[in-house]
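Below you'll find the structure, written out as structure tokens, and then a few comments.
The values are calculated or read from the model by the stated rules, or taken from the named source; none is laboratory data. Since the model is a prediction, treat every value here as computed from it, not as a measurement. All Cβ positions, even for glycine, are placed from backbone atoms using ideal geometry, and neighbour counts span all protein chains on display.
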Amino acid sequence: MIHGLMMQQPLLISSLLRHAERHHGEGEIVSRRVEGDIHRYTYRDLAARARRMAKAMAALGIGDGDRVGTLAWNGYRHMELYYAVSGMGAVLHTLNPRLHPDQLAWIVDNAQDQVLCFDLTFLPLVEAVAGRLGSVRHFVLMSDRAHMPDETRIPGLLCYEDLCIAQDDGYEWPEFDENRASSLCYTSGTTGNPKGVLYSHRSTVLHTMAGALPDVLCMSAREAVLPVVPMFHVNAWGIPYMACMVGAKLVFPGPALDGKSLYDLFEAEAVTLAAGVPTVWQALLAHVESNGLRFSTLCRTIIGGAACPPSMIDAFQSRHGVEVLHAWGMTELSPIGTACSLKPELAALGSEQRLAVQAKQGRALFGVDMKIVDADGDELAWDGKAAGELMVRGHWVVAQYQSGADPCVDGWFPTGDVSTIDAHGYMQITDRAKDVIKSGGEWIGSIDLENIAMAHPKVAMAACIGVPHPKWDERPLLVVVPRPGETLGREELLRHFDGKVARWWIPDDVVFVDAIPLGATGKMQKNRLREQFRKHLIPTA
């Protein structure tokens, strides 16, 4: 065997920051802070302060492999910890503050976090659980001295800015094996306790390089990027790493994620690219359209985290001139698995046909392989019709959970998504396996029915669940939130389905509610709806 005669340099997260400081150090990072003001600095400043924080963490006794937890919004201090903690050889553990305190305490204990850094917003939450966090030796409030509380129930509470100021930036990022753990994210835990997914430096850098490609998120120094997707949710889809690598302007929204706050920040900072889940964009579109506003700089938006209704894609594109990139991923995939960028032959289609393609979750990027299988594990055809469980493998796909449990089947990770793949390689999720409605031995995809309902002009949000039926096992029930000020009847909405799906797919009933429960990452909690309506008697029963 003859080896190539090329340099071997480990793929480390610190190399992204070193590159940013050297090649686009003047690039801007803008943060709307919890304190209410706007903070600005550069990638050069980020690099210097990340080195200071690495030294500060070492002074607190953090070493190789130790876990540092964060409870924080999208902002510059959180970004500093992304690089300081992983860069020094420790493990960054981003925690979701929207979780129930009991679940939060369980995750911190399971991860064995040694330090917990948190924003001022979450002081009451941390005070409530601090006594149960046995592994945490230091609590750090991500604030300056002026905003430290006069009194707190947290013993020995440290000030982030005090720790930073106490150190200089004379720190050399260490080199080590690229397979060393870099960060830790937990799954949403919709079934059982959340599972820890431990990313490596290698997997993160490869995910960063692939995610920035033109046919994926198309990141460059010419963009001003605003990640609405939280940095505590799968590392904000990798955007803090991609923006650093390419030198894009980063705009962090902090805690204000309502439609008005986002729109004002988009306009003030000339944002060109934004990323978030459908529920966020729904609020943004409602604000823009109810006030007769226009986007003056926003060109593209990335929508993921849940299936995006075609009506939302059409609203962005036809009414506002904003291109939509539909994407799919999971915590176990770091998270990006597919992106729905159009091949030339599909981009040339008419608007209605093109929209049908864009409603799909897209094609796999290099580094991810996928297939669909039936109940026996046999691979199904890529014809856009055969539906089976989506299986993936790749350079940034989980091999086993932190607990040691191996979820893979013959080297493939079973996603739990029921999907089709068409002849062009575009994958479309028809449902989560646990959400599929089983009626008379046949499957009904709830996502298709939700998309049709969402296209009705009087519908703000819709969820479709299966409810028990004495003859058919389950039948579809629509749970609908009408748009404000609109009156919508059951029969009117059900007529909206005529000709759009097979008649036996049409929901048997509709219930109207004020709100649909959302999980910690903005996804509809169908498990709660199924429990709420498990005794609902539909007319055909």
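One residue is enough: does segment 24-33 have a residue meeting the conditions charged (D, E, K, R), part of a loop (DSSP other than H, G, I, E, B), within 24 Å of Asp144 (Cβ to Cβ) and not assigned by TED's automatic domain parsing to the domain that holds Val228?
So far as segment 24-33 goes, yes, one or more of its residues are charged (D, E, K, R), part of a loop (DSSP other than H, G, I, E, B), within 24 Å of Asp144 (Cβ to Cβ) and not assigned by TED's automatic domain parsing to the domain that holds Val228.
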Near pairs, Cβ below 7 angstrom, 6+ apart or cross-chain, from segment 199-220 (closer than 15 Å to Ser86 by Cα) to any residue that is assigned to a strand (DSSP E or B) and at pLDDT below 95
none
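Would segment 423-432 turn up any residue that is of a type in the set (D, E, K, R) and assigned to a loop (DSSP other than H, G, I, E, B)? Full working, then the answer.
So in segment 423-432, the residues of a type in the set (D, E, K, R) come out as 431-432.
Now restrict to residues that are assigned to a loop (DSSP other than H, G, I, E, B): none.
So far as segment 423-432 goes, no, none of its residues is of a type in the set (D, E, K, R) and assigned to a loop (DSSP other than H, G, I, E, B).
Would you mention how many residues in segment 484-501 are loosely packed, with under 15 Cβ neighbours inside 10 Å and in a loop (DSSP other than H, G, I, E, B)? Show your work before the answer.
We begin by selecting, within segment 484-501, every residue loosely packed, with under 15 Cβ neighbours inside 10 Å; these are 484-487, 489, 491-492, 495, 498-500.
From what's left, in a loop (DSSP other than H, G, I, E, B): 484-487, 489, 498-500.
Within segment 484-501, residues that are loosely packed, with under 15 Cβ neighbours inside 10 Å and in a loop (DSSP other than H, G, I, E, B) number 8.
For Leu518, indicate whether it is under 30 Å from Val228 (Cα atoms) and at pLDDT 95 or above.
Working: under 30 Å from Val228 (Cα atoms): yes; at pLDDT 95 or above: no.
So Leu518 does not fit the description; no.
Among Arg77, Arg98, Arg44, Arg52, which is farther than 19 Å from Ser334 by Cα, buried (at least 23 other Cβ atoms within 10 Å of the Cβ) and among the basic types (Lys, Arg)? Explain how you work it out, then say what you get.
Values: Arg98 fails: buried (at least 23 other Cβ atoms within 10 Å of the Cβ); Arg44 fails: buried (at least 23 other Cβ atoms within 10 Å of the Cβ); Arg52 fails: buried (at least 23 other Cβ atoms within 10 Å of the Cβ).
Criteria check complete, one pass: Arg77.
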Here the residues within segment 125-155 that are within 18 Å of Pro101 (Cα to Cα) and either outside the structural domain of Gly63 (by TED's automatic domain parsing) or in contact with a Phe, Trp or Tyr (Cβ under 6 Å, 6 or more places away or on another chain) (or both) are Val126, Ile154
Condition first: crowded, with 20+ Cβ neighbours inside 10 Å, farther than 9 Å from Gly384 by Cα, within 19 Å of the chain's Cα centre (by Cα) and not β-branched (Val, Ile, Thr). Now tell me which residues in segment 414-442 satisfy that.
Asp417, Asp431
For segment 510-535 the number of residues that are buried (at least 16 other Cβ atoms within 10 Å of the Cβ) and assigned to a loop (DSSP other than H, G, I, E, B) is 8
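Only strands (runs of 3 or more DSSP E) wholly contained in segment 84-146 count here; list those with 1 or more residues that are under 22 Å from the mean Cα position of the chain (by Cα). Break it down stepwise before answering.
Values: elements: 91-94, 113-118, 138-141.
Result: 91-94, 113-118.
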Note on segment 371-413: residues surrounded by fewer than 13 Cβ atoms within 10 Å (Cβ to Cβ), closer than 22 Å to Thr187 by Cβ and hydrophobic (A, V, I, L, M, F, W, C) are Ala405, Val409
Hey, could you check segment 331-362 for residues that are closer than 20 Å to Ile447 by Cβ and touching an Asp or Glu at 6+ places or on another chain (Cβ under 8 Å) and say which is surrounded by the most Cβ atoms within 10 Å (Cβ to Cβ)?
Ala339
Could you tell me whether Val480 is under 30 Å from Arg393 (Cβ atoms) and either of a type outside the set (Gly, Ala, Ser) or in contact with a Lys or Arg (Cβ under 8 Å, 6 or more places away or on another chain) (or both)?
no
Might you check whether a residue that is in contact with a Cys (Cβ under 6 Å, 6 or more places away or on another chain), assigned to a helix (DSSP H, G or I) and among the charged types (D, E, K, R) occurs anywhere in segment 51-58?
yes
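I'd like the full set of residues that are under 25 Å from His207 (Cα atoms) and over 12 Å from the mean Cα position of the chain (by Cα), limited to segment 308-336.
The initial filter retains those residues of segment 308-336 that are under 25 Å from His207 (Cα atoms), namely 308, 323-336.
Selection gives Cys308, Glu323, Val324, Leu325, His326.
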The condition from (1) at pLDDT 95 or above; (2) over 15 Å from Ala72 (Cβ atoms) that Ser183 misses is numbered (2)
Could you tell me whether Ala274 is in a helix (DSSP H, G or I), in contact with a Pro (Cβ under 8 Å, 6 or more places away or on another chain) and crowded, with 18+ Cβ neighbours inside 10 Å?
no
For Ser182, work out the one condition from (1) buried (at least 22 other Cβ atoms within 10 Å of the Cβ); (2) touching a strand residue (DSSP E or B) at 6+ places or on another chain (Cβ under 9 Å); (3) in a helix (DSSP H, G or I) it doesn't fulfil.
(3)
What residue, among those in segment 103-155 that are of a type in the set (Gly, Ala, Ser) and touching a Leu at 6+ places or on another chain (Cβ under 7 Å), is nearest to Gly61 (Cα to Cα)?
Ala111
Picking from Ser403, Ser419, the residue that is hydroxyl-bearing (Ser, Thr, Tyr) and touching a helix residue (DSSP H, G or I) at 6+ places or on another chain (Cβ under 9 Å) would be Ser403
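Out of segment 381-399, which residues are assigned to a loop (DSSP other than H, G, I, E, B) and either under 24 Å from the mean Cα position of the chain (by Cα) or among the aliphatic types (A, V, I, L, M) (or both)? Steps first, please.
From segment 381-399, those assigned to a loop (DSSP other than H, G, I, E, B) are 381-387, 395-399; that's our starting set.
Once the filter is applied, which keeps residues that are assigned to a loop (DSSP other than H, G, I, E, B) and either under 24 Å from the mean Cα position of the chain (by Cα) or among the aliphatic types (A, V, I, L, M) (or both), segment 381-399 yields Ala381, Ala386, Ala387, His395, Trp396, Val397, Val398, Ala399.
Evaluate segment 134-148: report whether one residue or more is touching a His at 6+ places or on another chain (Cβ under 7 Å) and either surrounded by 23 or more Cβ atoms within 10 Å (Cβ to Cβ) or not polar (S, T, N, Q) (or both).
Within segment 134-148, the subset touching a His at 6+ places or on another chain (Cβ under 7 Å) is none.
Scanning segment 134-148 turns up no residue that is touching a His at 6+ places or on another chain (Cβ under 7 Å) and either surrounded by 23 or more Cβ atoms within 10 Å (Cβ to Cβ) or not polar (S, T, N, Q) (or both).
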Being in contact (Cβ under 8 Å) with a residue 40 or more places away in the chain and more than 17 Å from Met427 (Cα to Cα) is the filter here; which residues of segment 321-344 pass it?
Thr331, Glu332, Ser334
Of (1) part of a helix (DSSP H, G or I); (2) surrounded by 18 or more Cβ atoms within 10 Å (Cβ to Cβ); (3) among the hydrophobic types (A, V, I, L, M, F, W, C), Trp504 satisfies every one except (2)
